[in-house]
Amino acid sequence: MTLEPGTFLFEAWTARFALMNGLWVTMTSSFFSIVLATLAGLLMGVVLSYAWWPLRLLARAYVDFMRGMPVLVLILFTYYGLAMFRINVPPYWAGVIALAAFATAHVAENLRGAVQSVPAGQMEAAKAIGLNFPKRIWYVIVPQAVRRVLPPWVNTCLEIVKGTTLLSVIGVVELLLASQQVIARNYMVIDFYLMAAMIYIVVNFSIAQLGALLERRFSYIRY
C-alpha cells in the first residue's frame, strides 16, 4: 500500500487530524463519564445498602428508572429536554452527563450486590473496634466488595465507550461521526468503518486488561 492519492493510506493521512480529534472526544467523554459514574455509583450503592429507608427508596427509584431508560433517549432529553427549562448544556457535556447518569445506576446496583455479599460480621467487628460508620464502610466493607464489583464495573466502562457513538445525534463529533464525515468525502465505506471498529476494539481491550490487572491487584482479598 502506498500514499498515492485515492488509496486508503492517503485518505487516512489526509484526514488524520479529524480522526484524532474524534478519538480524543471519544476518549475524554468516556473518561469523564466513567469517573463521574464511579464516584456517584459508590455513594448511591452505599445508600442502597445502609441509608435511611426513604433515601433507599429514592435511590432504588433512580436505579430502576435509569436502567430501564434507553441511552439514546437519555442523551436527547439531557440536551433538548433541559433546554425547555432554560438550562442550556453544551452538546459535549450533555453527552457526558447522560452517559454518567446512565452508568451510575449500573455501578450503584453492582456495588449494592457486592456490599451485601460481605458477611455481616465484618461490619460488627469494625464497630466493635471503635470505627465510626464512614470508616467502617471505607476501610472494611468497600475494600472487600471491590473485588466482586470490578468485573461488572469493567463491563460498564466498555458500554460507556461504545455509548459515546450515540453522542453524534446531538452534534458531538466523536470517532464514529468523524469517520462518517471522512467517508462522505472519499466513499471508502468499508475501509474507514473497519478502522473505526479496530480502534474501538483496541480501546476496549485496553480497558479490559486494566480491569484484569486490578482484579489481580485485589486478589489477596478473601472472605
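The values are calculated or read from the model by the stated rules, or taken from the named source; none is laboratory data. Note that the coordinates shown come from a computational prediction; the quantities given were computed from them, not determined experimentally. Please note: Cβ atoms are built from the backbone with ideal geometry, for glycine as well, and neighbour counts cover all protein chains shown. Each accessible area value is taken on the protein alone, full model and side chains, heavy atoms only, with ligands, DNA and RNA left out. Shrake-Rupley method; radii C 1.70, N 1.55, O 1.52, S 1.80 Å.
Summary of computed values
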| item | result |
| --- | --- |
| DSSP-loop GluC sites (Glu not before Pro) across region 82-165, with at most 16 other Cβ within 10 angstrom | none |
| Signed unit charges on C-beta, dipole axis of the chain, positive-most listed residue I137, V96, L166 | I137 |
| Computed magnitude of the charge dipole of region 8-217 (debye, nearest 20; Cβ of K, R +1, Cβ of D, E -1) | 660 debye |
| Prolate/oblate/rounded call for the chain, Cα gyration tensor, a/c under 1.5 rounded | oblate |
| Accessible surface, region 8-217, averaged per residue in Å² (probe 1.4 Å) | 55 Å² |
| Solvent-accessible area, 1.4 Å probe, carbon plus sulfur percent, for the chain | 70 percent |
| Length-normalised contact order of region 8-217 in % [C-alpha pairs under 8 Å, at least 6 apart] | 29 percent |
| Ranked by how many other beta carbons lie within 10 Å on average, peptides 54-67, 36-49 from highest | 36-49, 54-67 |
